[in-house]
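What follows is a set of notes on a single structure, which appears directly below.
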Amino acid sequence: MPPKTIDVPEPFHDVAFDEALSQRYLVYALSTITARSLPDVRDGLKPVHRRLLWAMRLLRLDPASAYKKCARVVGDTIGKYHPHGDQSVYDAMVRLAQTFSLRYPLVDGQGNFGNVDGDNAAAYRYTEARLTQTAVELMEGLDEGTVGFRPTYNNEDEEPEVFPGLFPNLLANGASGIAVGMATAIPPHNAAELIDAAAHLIDHPEATSTELLAYVRGPDLPTGGLIVDTPAAIREAYETGRGAFRVRARFAEPEKLGGGAWQLVVAEIPFQVPKAKLIEQIAALVIDRKLPILADVRDESDEQVRIVLEPRSRTVDPATLIESLYRLTDLEVRIPLNLNVLDATRTPRVMSLAQALSAYVAHQVEVLVARSRHRLAKIDDRVELLDGFLIAFLNLDRVIEIIRTEDEPKPVMIAEFGLTDRQAEAILNMRLRSLRRLEEMEIRKERDALAKEREGLSALIDSPQRQRTRLKKDLAKLRVRYAEDTALGRRRTTIAEAAPTREIPLEAMIEREPITVILSRRGWIRAMSGHRDLAAADTLKFKEGDGPLFAFHAQTTDRLLLASAQGRVFTLAADRLPGGRGFGEPVRLMVDLEGEGAPVALVPVPRGGGDLKLLVATSDGRGFVARAAEIVAETRKGRQLANLRAGAALALVRPIPAGADTAAVVGDNRKLVVFPLNELPEMARGSGVQLQRYRDGGLSDATAIRLADGLSWPMGGGSGRIRTETDLTAWRTARGAGGRIAPNGFPRDNRFSGLVEPSSGDTSKN
C-alpha cells in the first residue's frame, strides 16, 4: 500500500492585525470607488449602467425594434458582465428609464417603472424595455475601434471600457453615488448648453468655469422648477466642483374662483422630491395648524403635476402663502453638487465645470483619432484587394490559364504577379460574373475614392486643428436634435435669483379675528370670539369663588405680555388661548409662573411690538420705559424685566398712549407728582430710576398722559361722569419729588382708573 501524501501548507507570515485589516479594507474601498459608485468623466456612466446598455445593444434592442422583457436584460447583464444582485441591477435599469430621474433617459421602458410619487417599479418579469436614441448616440462608434475592450469577469466575453459616443452624458444626465469615504452628486444639465460650452472650449482650451457659465446657465432638472441662487453662489459651485443649489417648486398663476376666492396650483415640484411625501408635509401643516392661512391641499395630478392649495380666506396674500410653503415644506430644497468622478486614469477627482468639459472634449478627440486610424486601416485593407483585382484584370487571360492548368494556382500567381496572399486568395474567390469590363471601371473608381478619403484621414490624424474643426462639426450636428426649440431640448428649469428671505409676520400667517381675553384671579385664562360686552353677565362667567382679574379686547394676531410680581414677563400667543366655552385653562400650564408671584399685568401687543411702549413701575417707586418689541420672549420661562430691590415687587406694566408726554405717579399717601415722560430711561431690563419719594408706604399707581389734555378720572357713585383737571401746575415737579396731595375728588383707591383703558386692549390701532 503506497504511503499517503500530505499537502504541506504554505508558510505563514506574521502580519499585524491592523495592517492586514487596512490592506484588505483598502482593496474593498478601491473596488467600491472605481467599480461601483463613481461615474467615469468620459461617458458619465458607472459600470452597472454601462454593462446594462451594452447587454441591450447585443440583444439588438435599438429604438426601432420591439421591446423585450427586462428580466431578459437583467439576466444577460448579471450572467455575462455584472455578477451582482438582480434587484440592484434592475433598480439601476429602472432609473435609466425614469423621465423624472434622468433629463435624457437612456432606456425606453414599457410598463410600470415607478412614478414621481415615489412608488416602486413593477417586477422585471412584467416590464419591457429597449434603448432610446440618446443611448444609441452614446454608444455610437463601438464597432469602429474607438475604445478599448477588456475581458468580462469570467474571461468568456468582452466589454467596452468606456463608451465613445458624442452625447455629453455625465453632466446632461448627472449621477449620484456613495463610495467609501467619498460620494458624488451631479444634477442634470441642458445638453444644448453643454454642447455650446464644449464648442467654446475647443476654440479656447484655457477657458475658465466662469467663462463657460455664459453657456451653461445652471442645472436643467427633469422635473423643472426654479433655481433661485445668486450668480455668485452658482459660479462658486462650478468653479470648485462643490456646492448646492436652492430649487423651488413652480407655482402657476393663482386660479380665480367665484366670489373673489382663489386657489394656488403647484405645476412643478423640486427634483427628487416624492410628490406623495410633499403632499403629506403640506397636509400635516394644515392638521397641526402650523400654517393657519392654508385650509386644504388636494392632488389633482395626472401625467402633469397639479397640487391644489386652498387658502383659509380670500384675503390671504398669495405671495405670503407661497413664501411660507417654501420655508416650511420641501417645495424648496437644496440639491448638492459634488463633481467627484473618475478621470481618464481611473483616479477619483473633484473637478470644476471647465475640467469636466475639458476631459469630455479630450476623450472625444481621442475617439475621433482612433476612429480615423481604424478607418484608415480598413481603407488600406480594401485598397490592397483592389490593387490585386486590377492586376487580375490586366492579366486576365494568364490568370485564367493558371487557374485551369495549375493544381496549386495561388503560389504560381503570387510568384508571377507579385501578389500578396490576401490578394491571391481574393482573386481565386472572385465570381465569374465579376470578370466584366464594367467591373474594372468600378474598381478604379472605388480605389480613387478611397485614396482621396485616405488622404483626408491622414491629414486629420496629423493636424490638431483639423481635429478641432471636425469635432465642432460633429457637435453642431448633434445639437440639432437637442436644440432649445425641440421638445427634448427645451430648458425646463428657470434660473432666477430670488428676493432675500423675509420674516413672515404673524398677521399674515394667522387670520386676523377679534377676541375677548379674560384672566381670572385664580389664574384661569380664555379667549372668546368677537369683542364681547365686558359688562355683560354671560361674558364674565367664573367658577365659584373666582372673579375677573383682567378682561380686554384683542386680535388673534396679538401677543399677550403677562407680568408677574417678581418682575418677570411671559409671552402668550392670542390665537393659541383656550376657547371661550367653559372657564378656560390655568395659565400656569402655558408658562412657568411657579414662584413668580401673582400676575400684575396682562397687556396685548401686536406682533413684533410695533411702536408700542410700556411704562414699568415697582412698588418702591422706581420705573422706566420699555419697548414691547424688546421684551417679547416666546418661551415658557419668559424673561426678567424689572430688577427688584429687597422687599419690592413689580407694581404695573402699562401701555403708553400715542402722543403721551407726561408721567403721573401717585403713592399710597395720596400724593401726586407730574413730570416729563422723557425723564425716564428707555430700557429692556433694569431697576429704573426713582419716580416718587416716600416716607411711608410706596407706589400706588402710575400712568402716562398728554399734558395738554389734563388729568381725568371717573366720578364715584356709578354716575359714569368723568372729571378732568386741566391745570396741573401745582403737581408739576422734578422726577423723584415727594409731591402734593391729589386734587379734590380723586378716587379714594388712589388709582388712575379708566385713563389708559386697561381693559380695552384692542391693538388694531397700534
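Annotations
- Between 0 and 90°, nearest 10: helix 437-462 axis offset from the chain longest Cα axis: 40 degrees
- The label point for Ala344 and the one for Asp397, both projected 7 Å from the Cα toward the Cβ, are 5.9 nm apart.
- Three-way shape label, segment 88-133, alpha-carbon gyration tensor, a/c 1.5: oblate
- Pair Thr99, Ala451: separation of 7 Å Cα→Cβ label points (nm): 5.4 nm
- Each of Asp668 and Arg404 was given a label point 7 Å from its Cα along the Cα-to-Cβ line. The distance between the two points is 14.9 nm.
- Computed on the Cα trace of the chain, the radius of gyration divided by the Kirkwood hydrodynamic radius gives Rg/Rh = 1.25.
- Sequence-distant contacts, meaning Cα pairs under 8 Å at least 6 residues apart, place the relative contact order of segment 512-765 at 18 percent.
- HN-Hα J in Hz across segment 34-41 - Karplus 6.51, -1.76, 1.60, θ = phi - 60°, x for Gly and Pro: 8, 10, 9, 9, 9, x, 7, 5
- Proximal lysines relative to Lys477, as straight alpha-carbon distance under 29 Å, when same-chain residues fewer than 8 apart are discounted: Lys46, Lys378, Lys452
- Sequence-distant aspartates and glutamates (8 or more away, or on other chains) whose Cα lies within less than 17 Å of Lys80: Glu156, Asp157, Glu158, Glu159, Glu161
- Value at 222 nm in deg cm²/dmol, rounded to 500, when DSSP H runs of n ≥ 4 in the chain each add -39,500 (n - 2.57): -9500 deg cm²/dmol
- Relative contact order [Cα under 8 Å, 6+ residues apart], the chain, whole percent: 9 percent
- Here the Karplus relation 6.51 cos²θ - 1.76 cosθ + 1.60, evaluated at θ = phi - 60°, turns the backbone of segment 225-233 into coupling constants of x, 10, 9, 10, 6, 6, x, 5, 5 Hz, with x for every Gly and Pro.
- Relative packing of peptides 193-200, 683-690, 701-708 - highest average C-beta neighbours within 10 Å first: 193-200, 701-708, 683-690
- Amide H contacts of Ala267 (H built 1.01 Å from N, under 5 Å, at least 5 apart or other chain): Arg250, Phe251, Ala252
- One decimal place: the segment Glu280-Ile722 gains 153.2 nm when fully extended, by the rule 0.36 nm per residue minus the C-alpha distance.
- Protection proxy ranking for 134-140, 441-447, using the average of other Cβ atoms within 10 Å per residue and placing the highest first: 134-140, 441-447.
- Mean Cβ neighbour count within 10 Å, used as a protection proxy, ranking 548-556, 170-178, 338-346, 476-484 highest first: 170-178, 548-556, 338-346, 476-484
- At an R0 of 56 angstrom, the distance between the Cβ atoms of Asn429 and Asp203 translates into a FRET efficiency of 0.65.
- A simple rule links phi to the HN-Hα coupling: the Karplus curve 6.51 cos²θ - 1.76 cosθ + 1.60 with θ = phi - 60°, which for segment 573-579 gives 8, 5, 6, 9, 6, x, x Hz, with x for Gly and Pro.
- Calculated FRET efficiency, Phe17 to Glu158, Cβ-Cβ distance, R0 = 51 Å: about 0.80 to the nearest 0.05.
- Calculated FRET efficiency, Asp474 to Arg150, Cβ-Cβ distance, R0 = 35 Å: about 0.85 to the nearest 0.05.
Computed from the coordinates by the stated procedures, all read-outs in this text should not be read as laboratory data. On a predicted model such as this, the values are computed, not experimentally measured, just so you know. Positions of Cβ are backbone-derived with ideal geometry, glycine not excepted, and every protein chain shown enters the neighbour counts.
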